[in-house]
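What follows is a set of notes on a single structure, which appears directly below.
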Amino acid sequence: MPRPWRTPPIRFSTQTLFLQLGVVLLVVLLSTAVHAWLTYDRVGREAENQALTLARAVAADPSVQANVLAISEREGTPPPADLRAGPLMAAAEATRIRTGALFVVITDETGLRLAHPDPARLGEKVSTDPTEALGGQEITTRNTGTLGPSAGAKVPVYAPGTGTVVGEVSVGYSMETVGQSLERDIGPVALTAAGALLAGVLASFLLRHRLRRLTMGLEPEEISTLVHDQVAVLQGVDDGVIGVAADGRISVFNAAAQRLLDLPDLAGTPWADAPVPAQLKALTRADAGEAEAIELVAGGRVLVASARKALHRKEDLGWVVMLRDRTELQQLTRQLDAVGTMSTALRAQRHEFANQLHTIAGLMSIGQHQQAREYLAGLAATGPLKFPVDQAELLQDPYLQAFVGAKGVEADERGVTLRIGPETLVRGQVTEPQDVTTVLGNLIDNAVEAAVAGSATDRWVEVEVLDEPHDDGGTLLIVVADSGDGLASGTDAEIVFTEGYTTAMQTIRPGGGGLDKVGLDKVGLDGGGRRGGGQGLGLALARKLARRRGGDIRILETGMPGGPGAVFMASLPGTTAGAKPDIADRPTNGANDGTLSGTAGSGTAGSGTADHIYASEKDDHA
């Protein structure tokens with residue numbers, strides 16, 4: 001069955017146009033009608049006043065007063081023929097013709113006509129009530145008499161010298177004459193009304209056009225639905241959304257963007273003045289175009305930001321900046337990197353483990369049981385596998401042992417010796433392995449890169465780890481030194497913590513002294529131990545992570561050409577547990593002066609790194 005045909009609904013903008021046109025038309029008609037009535041009333045009042053003035057003049061004429069008095073004193077009323085030929089009729093008609101009045105009527109004290117434009121009406125009683133005029137009052141009237149509608153006046157006629165009313169004079173002007181005057185006056189009014197109507201129609205069309213442009217042709221129901229959908233989407237998604245209007249002001253700053261950037265709602269704030277990272281503003285430059293997504297650290301989070309131009313048909317609506325949180329992904333990546341690093345270390349020593357088993361099997365097969373027992377005893381004392389990390393036994397925490405050991409395997413593959421400083425002492429257990437992995441892994445990886453890029457022949461990285469027990473969780477203190485060439489002379493130490501700064505930013509030291517390690521962050525977001533250029537976020541993220549926990553990462557020594565290189569120190573509060581505060585457990589070295597010992601040129605370091613930690617921490621708490 002075919003669906004019944006329905007008339008499409010009239011668009012809201014068209015309804016608004018019709019409503020505006022109706023209102024304009026109604027206002028113009030009402031205004032014209034009121035103005036016409038006021039004009040009509042004004043012209044009528046002028047006719048009444050003119051009639052009153054003329055009636056007063058006729059009533060004050062001495063000859064009229066004498067003639068009316070003479071007729072009033074006679075018995076009865078003169079016949080119409082006598083009145084027609086009398087002086088009153090001649091005076092009234094002369095006045096009427098001269099002034100253009102509709103009529104000039106004179107009566108006696110009883111209201112009988114003594115003068116009238118129609119001679120046949122002479123001697124008859126007037127058609128309108130003359131009582132008020134005969135009572136001595138002057139009145140103006142608008143009524144319809146024997147000669148038609150008129151605006152007139154009635155004035156009493158007094159006897160000369162006595163003040164006695166002997167008659168009255170009625171003067172009237174035709175309302176048709178008033179209408180003709182109104183037509184002359186109403187012309188400009190009609191033209192004004194037509195102009196106002198035309199202007200209203202034009203304004204209505206312009207307003208309709210502007211309304212359609214502002215609403216982009218959407219109906220109110222569609223706008224309402226769009227607003228509901230926008231609120232549901234913008235406030236319901238986990239991605240941050242920042243809308244920048246074409247005029248440069250922030251129009252949208254959803255809850256996710258506030259949370260990711262740790263900022264209040266900035267809607268209405270100029271984008272140029274908004275306290276957002278400079279990388280986001282750079283995405284919306286006029287020459288930015290469709291730039292690729294970038295990664296940045298903001299509010300202690302790793303964010304992926306992208307910007308797209310917002311267009312509706314050909315209209316520029318501004319920019320939309322999208323923010324996605326990759327912090328959890330980064331943490332998972334770090335965990336997987338740690339697991340992968342350990343797995344790589346185990347695979348690297350697979351052959352050694354197999355050889356040990358073959359050796360035991362061979363000794364047993366040839367009857368050398370005593371040697372087999374001695375060999376097994378040796379393996380039991382040192383472990384079946386051995387990481388290439390000097391003094392690894394100083395790390396008592398299993399997690400730190402495994403992680404640093406795996407890093408030692410990677411460093412060994414690149415020709416760098418990873419060792420544990422003799423002042424290392426960790427009495428508690430690591431309770432926050434993710435944060436420790438992020439910070440320690442970045443420092444070790446950067447140190448390995450620096451050692452590989454350095455000019456020293458003996459390439460090494462030294463790590464010292466200590467914990468300071470507290471009742472609410474111990475603080476893990478990490479110091480990492482390397483054999484690299486350190487920072488270039490005059491380089492600001494804080495630059496290595498700048499987002500986007502990588503070890504690719506290296507220069508040849510003047511004089512042929514090799515490479516200056518002016519940047520340390522090689523790993524970035526590529527994970528621990530990965531080769532290739534980083535994105536310059538590793539150290540920045542690690543420092544923000546440490547500061548978020550109440551700690552910090554800073555450079556203790558900037559190093560020197562030929563080694564030793566830069567010394568980094570990190571403090572991570574609340575990352576260990578299980579140790580009791582005891583000042584007696586703190587390592588001491590009376591001969592240490594608070595600096596790395598050893599000769600820079602020899603590529604060795606003494607055991608003074610740990611004293612850096614305590615000296616620095618003491619200064620921080622002073």
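Can you classify segment 15-181 as rounded, prolate or oblate using the Cα gyration tensor, where a ≥ b ≥ c are the square roots of its eigenvalues, rounded means a/c under 1.5, and otherwise it's prolate if a/b beats b/c and oblate if not?
prolate
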query = Separation between the residue 494 and residue 15 pseudo-spin-labels, each 7 Å from Cα along Cα→Cβ, expressed in nm?
reply = 6.1
query = What does the charge count near residue 266 come to, summing +1 for each Lys or Arg and -1 for each Asp or Glu among other residues with Cβ under 10 Å from its Cβ?
reply = -1
query = Where does each of 265-278, 436-449, 414-427, 61-74 land if you order them by average Cβ count within 10 Å, highest first?
reply = 436-449, 414-427, 61-74, 265-278
remark   = Nearest-0.05 FRET efficiency for residue 470 and residue 365 at R0 = 51 Å, using Cβ-Cβ distance, is 0.35
Residue 431 paired with residue 267, simple spin-label distance in nm, labels 7 Å along Cα-to-beta-carbon = 4.2
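Every read-out reported here was derived from the displayed coordinates using simple, explicitly stated rules and does not represent laboratory data. Note that this is a predicted model, so its numbers are computed, not measured. Cβ coordinates were reconstructed from backbone atoms using ideal geometry, including for glycine residues, and neighbour counts include every protein chain displayed.
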